[in-house]
Amino acid sequence: MKISSIFPLALASLLLPATVIADDGVMDKALLDEAKLLADSGLHYLRQTQAEDGSWSSSVGVTALGLRAFLENRRGYTEGDGPFITRPVKFLLNHVNEDGSISETNQNRNYNTAVAITALQATNNPAYAEIIANAQRYIHKLQLDSEEGYEPDHKYYGGIGYGGDERPDLSNIYHSIEAMKITGFDANDPMWEKALTFISRSQNNSETNDQEWASNDGGFAYMPGYSPHGGTVSYGSMTAAGLLSLLYAGADKNDPRVKAAYDWIRANYTVETNPGAKKNQGLFYYYNAFAKTMRAYGEKDLVDAQGVSHNWREDLTRQLKGMQSKDGSWVNNDSPRWWEGDKNLCTAWSVIALNQVINK
């Protein structure tokens with residue numbers, strides 16, 4: 001697998017939230033102020049639960065997300081602000097492996113590496129350029145193609161898994177695509193087109209999905225032919241992740257895959273649940289992916305399938321306000337599946353989502 005070129009510290013000003021506050025009428029000012037307070041409270045909680053080694057939950061993945069929540073916040077936190085930033089950075093660096101991955105475990109190696117380099121990129125520190133470049137190479141090598149015996153007609157072609165097995169899924173390709181985009185990986189590399197093939201085969205859109213299982217609602221399953229919520233059902237968190245993956249991999253808003261995914265979100269619009277998911281599993285994953293996706297899509301308001309206009313920023317702020325605990329944390333009270341019983345994870349995801357709301 002050939003890597004044409006890598007630009008680990010390319011400017012990502014169009015991809016990462018700036019520290020300019022969204023004060024241009026995109027949402028009600030009182031709700032904007034609420035969103036700021038919610039994010040501040042969430043970050044205060046994370047300050048209190050950070051371990052002495054800089055980690056959250058002794059996990060590279062959770063630590064990277066917590067760090068990202070600080071670094072992308074409107075307050076513009078940097079390593080110069082002290083140990084609450086430098087210690088999690090050091091924790092990530094202490095888990096850099098010889099193969100370029102950044103992880104304390106083999107089980108979630110791709111996921112951990114992807115969110116780790118996204119956080120390291122957000123430091124804007126050129127000292128981490130080589131580490132990011134090596135991690136990009138690691139992620140690149142995980143993509144399944146003819147070198148591993150997966151030809152273009154195979155349902156897994158172009159996919160990326162956790163790194164400890166050969167079964168790819170949309171969640172891992174979403175985190176990988178986001179990380180590679182934000183860290184400035186070569187836009188001309190064949191990786192993107194291969195990724196689009198796998199992403200398309202995870203979508204319930206028979207117009208663009210060549211797999212027999214695909215229906216026509218436009219949403220996304222977890223992987224080609226499988227959904228953890230039954231059969232091949234589409235659900236909110238994966239549809240948001242799939243739409244962001246399409247956009248970051250090079251599809252535009254006129255692409256039929258993008259249109260179909262956005263129409264699914266319009267038809268199933270809600271911030272009260274993870275639509276289509278059993279027992280609200282993956283709720284905070286959904287909030288995180290939804291906020292990033294809506295911001296990337298670029299519309300202030302979403303008009304649902306019934307013609308009702310929604311300011312998604314205001315709706316999400318109200319929802320997260322009602323769910324925040326007195327200590328500033330969030331947790332999925334409906335289901336602990338996929339680590340959502342971990343307050344550090346849910347709080348990091350919530351603050352990252354609020355950063356999307358607050359920042360331009």
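Could you list, in sequence order, the residues of segment 177-226 that are under 14 Å from L244 (Cα atoms) and among the hydroxyl-bearing types (S, T, Y)?
Those that are under 14 Å from L244 (Cα atoms) and among the hydroxyl-bearing types (S, T, Y): S200, S202.
Every residue in segment 153-172 that is surrounded by 15 or more Cβ atoms within 10 Å (Cβ to Cβ) and either free of Cβ contacts under 8 Å to residues at least 24 places away in the same chain or among the aliphatic types (A, V, I, L, M) (or both), please.
H154, I160, L170
I'd like to verify a number: residues in segment 175-212 that are within 18 Å of the chain's Cα centre (by Cα) and β-branched (V, I, T), how many?
4
Name the residue, out of L71, L67, L46, L92, that is within 15 Å of Y128 (Cβ to Cβ), aliphatic (A, V, I, L, M), touching a strand residue (DSSP E or B) at 6+ places or on another chain (Cβ under 8 Å) and surrounded by 20 or more Cβ atoms within 10 Å (Cβ to Cβ).
L92
I'd like the residue in segment 128-166 that is of a type in the set (A, V, I, L, M, F, W, C) and in contact with a helix residue (DSSP H, G or I) (Cβ under 7 Å, 6 or more places away or on another chain) and, out of all such residues, is farthest from W213 (Cα to Cα).
I131
Report the residue count in segment 69-124 for those that are part of a helix (DSSP H, G or I), farther than 25 Å from K141 by Cα and of a type outside the set (D, E).
Residues meeting the conditions: 11.
crowded, with 20+ Cβ neighbours inside 10 Å and touching a His at 6+ places or on another chain (Cβ under 6 Å): which single residue out of A122, A114 fits that description?
Exactly one of A122, A114 is crowded, with 20+ Cβ neighbours inside 10 Å and touching a His at 6+ places or on another chain (Cβ under 6 Å), namely A114.
Of the residues that sit in segment 131-152 and are charged (D, E, K, R) and touching a residue at least 24 places away in the same chain (Cβ under 8 Å), which one is surrounded by the fewest Cβ atoms within 10 Å (Cβ to Cβ)?
Restricting to residues being charged (D, E, K, R) and touching a residue at least 24 places away in the same chain (Cβ under 8 Å), the top hit is E147.
Values quoted throughout were computed directly from the atomic coordinates according to the rules given, and no laboratory measurement underlies them. Here the structure is a predicted model, which means the values were calculated and not measured. With ideal geometry, Cβ positions are generated from the backbone for all residues, glycine too; neighbour counts draw on all protein chains shown.
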